[in-house]
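The values are calculated or read from the model by the stated rules, or taken from the named source; none is laboratory data. Values in this document were obtained by computation on a predicted structure and should not be read as measured data. As a convention, Cβ positions derive from the backbone with ideal geometry for all residues, glycine included, and neighbour counts pool all protein chains shown.
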Amino acid sequence: MKKTVNIVLPTYNESLNLPKLYSELKKVTKSLNRQYVFGIIFVNDGSTDDTLKKLIKLSQTDSSVTVLNLSRNFGHQIAITAGMDYSEADATITMDADLQDPPAVCQKLISKWSEGFDIVYAKRNPRKVDSIFKRSTAGLFYYLINKMSDTPIPSNVGDFRLIDKKVLDQIKKFSEHQRFIRGLISYAGFNQTTVYYSRASRPNGKTNYSLKKMWRLAVDGITGFSVAPLRFISKLGYSVSLLSVMGIVYVVGLKIFDPAKEVPGWAFVMVSMFFLGGVQLIMLGVLGSYISRIYVETQNRPLYIVSSITNKKTRRLSN
Ligand code: UDP
Ligand code: MG
């Protein structure tokens, strides 16, 4: 039996890119259709142009095309999630619909998968097409998140990847709302590998990732995979308290060794300020550490993920 592969494309106002995208996707699926059965799942994320009309037309002429039409614009990460939730194929590829992720790379993804990898990331070669601003902010983001988080987040990897059904079945159990899918996939573990490609520039339309959305994704990434910012409060508290202790030593030392000299007024004010500030920050940090526990519990992620089990007979020995 042929294995099945679904290609999931979150689509928001990509009307102008659709014809070329579709023909390039078809080239790939045709070249591999001896070994695999392909499905193409377009998730229309509340487009305001005629994207939906074009998609529906495609699905009427091509039975391998499915259109998942969301009720409104939910954003890139949720659109991908909807497509992944829908997919039940042996492998699921997610990629952007604006031709920045070249469909031809799917062949590389599939060939790595056939070698036995469960997750294949498509990693961009140094981002020549992106602006210096995007490159440097992305670099800083990946540096920070990997410093703070226990889950390694691969840098320069977007949401262009292939995942095996067994990984997808696990990812479907993650129920958190503010999601950073790259992180979740990395968290899941399994056999991961990477193929490289050059990211093209967008032929039509403009990026839908405004600065605000990029910032929100970065914050979701960091707060979703690290409680370091909460712990930082305590650390700050301890350093401020240390300053106040130094101040106290200075004031007391002055009183003992040079009693004739008045303790300057600023010293008293500074010491009490640092002391109070420090105590407050430490207490906030204490609150933070409880909140971080509540937070991790409410994320309700699976505690562990079993990749495979050899010899399942032991489970029901009586049978
Ligand atoms: N997209 C989406 N919903 C949105 C914004 C974007 O489904 O609210 C899709 C968009 O059509 C594209 C992909 O997500 O296929 C990536 O978006 P974009 O090209 O704007 O991001 P960038 O490549 O600039 O990071
Ligand atoms: Mg893009």
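For residues in region 171-215 being aromatic (F, W, Y) and in contact with a strand residue (DSSP E or B) (Cβ under 8 Å, 6 or more places away or on another chain), which is farthest from ligand 2 (Cβ to nearest atom)? Result: F190.
Can you tell which of A89, A79 is among the aliphatic types (A, V, I, L, M), part of a loop (DSSP other than H, G, I, E, B) and touching a residue at least 60 places away in the same chain (Cβ under 8 Å)? Outline the logic, then answer.
Numbers: A79 fails: part of a loop (DSSP other than H, G, I, E, B).
Among A89, A79, only A89 is among the aliphatic types (A, V, I, L, M), part of a loop (DSSP other than H, G, I, E, B) and touching a residue at least 60 places away in the same chain (Cβ under 8 Å).
With respect to the conditions (1) touching a residue at least 12 places away in the same chain (Cβ under 8 Å); (2) more than 16 Å from ligand 2 (Cβ to nearest atom), K57 lacks only one, and its number is (1).
Yes or no, residue by residue, for (1) of a type in the set (A, V, I, L, M); (2) under 23 Å from S226 (Cα atoms):
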position	(1), (2)
F257	no, no
E262	no, no
G265	no, no
G277	no, no
I282	yes, yes
V286	yes, yes
S292	no, yes
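Restricted to region 63-76, and to residues there that are assigned to a loop (DSSP other than H, G, I, E, B) and in contact (Cβ under 8 Å) with a residue 12 or more places away in the chain, the residue that is nearest to ligand 2 (Cβ to nearest atom) is G75. Residues in region 229-245 include at least one that is away from ligand 1 (no atom under 16 Å from the Cβ), in a helix (DSSP H, G or I), of a type in the set (S, T, Y) and surrounded by fewer than 16 Cβ atoms within 10 Å (Cβ to Cβ). Do we find a residue being of a type in the set (V, I, T), within 14 Å of ligand 1 (Cβ to nearest atom) and either in contact (Cβ under 8 Å) with a residue 24 or more places away in the chain or in contact with a Phe, Trp or Tyr (Cβ under 8 Å, 6 or more places away or on another chain) (or both) anywhere in region 102-120? Within region 102-120, none of the residues are of a type in the set (V, I, T), within 14 Å of ligand 1 (Cβ to nearest atom) and either in contact (Cβ under 8 Å) with a residue 24 or more places away in the chain or in contact with a Phe, Trp or Tyr (Cβ under 8 Å, 6 or more places away or on another chain) (or both). Just one of (1) surrounded by 18 or more Cβ atoms within 10 Å (Cβ to Cβ); (2) more than 23 Å from S155 (Cβ to Cβ) fails for V105. It is (2).
Is one or more of the residues making up region 130-148 surrounded by fewer than 15 Cβ atoms within 10 Å (Cβ to Cβ) and within 22 Å of V43 (Cα to Cα)? Within region 130-148, none of the residues are surrounded by fewer than 15 Cβ atoms within 10 Å (Cβ to Cβ) and within 22 Å of V43 (Cα to Cα). Listed by first and then second residue, the pairs with beta-carbon distance under 6 Å, at least 6 apart or on different chains, first residue in region 163-178 and surrounded by 13 or more Cβ atoms within 10 Å (Cβ to Cβ), second of a type in the set (G, A, S), are D164/A91; V167/A188; Q170/A188. Between T81, T92, the distinction of being among the polar types (S, T, N, Q) and within 15 Å of ligand 1 (Cβ to nearest atom) belongs to T81 only. Being touching a helix residue (DSSP H, G or I) at 6+ places or on another chain (Cβ under 8 Å), assigned to a loop (DSSP other than H, G, I, E, B) and not hydroxyl-bearing (S, T, Y) is a description that does not apply to F141. All conditions in (1) within 16 Å of ligand 2 (Cβ to nearest atom); (2) out of contact with any helix residue (DSSP H, G or I) (no Cβ under 9 Å at 6 or more places or on another chain); (3) charged (D, E, K, R) hold for E115, with the sole exception of (1). Filtered by the rule that a residue be free of Cβ contacts under 8 Å to residues at least 60 places away in the same chain, in a loop (DSSP other than H, G, I, E, B) and more than 14 Å from ligand 1 (Cβ to nearest atom), region 121-138 gives a lone residue, P126. One residue alone among N44, N17 is modelled with pLDDT of 90 or more, more than 18 Å from P103 (Cα to Cα) and crowded, with 20+ Cβ neighbours inside 10 Å, and that residue is N44.
Among the residues of region 253-268, is any under 28 Å from M148 (Cα atoms) and either modelled with pLDDT under 80 or away from ligand 1 (no atom under 16 Å from the Cβ) (or both)? Looking for residues that are under 28 Å from M148 (Cα atoms) and either modelled with pLDDT under 80 or away from ligand 1 (no atom under 16 Å from the Cβ) (or both), one finds none in region 253-268, hence no.
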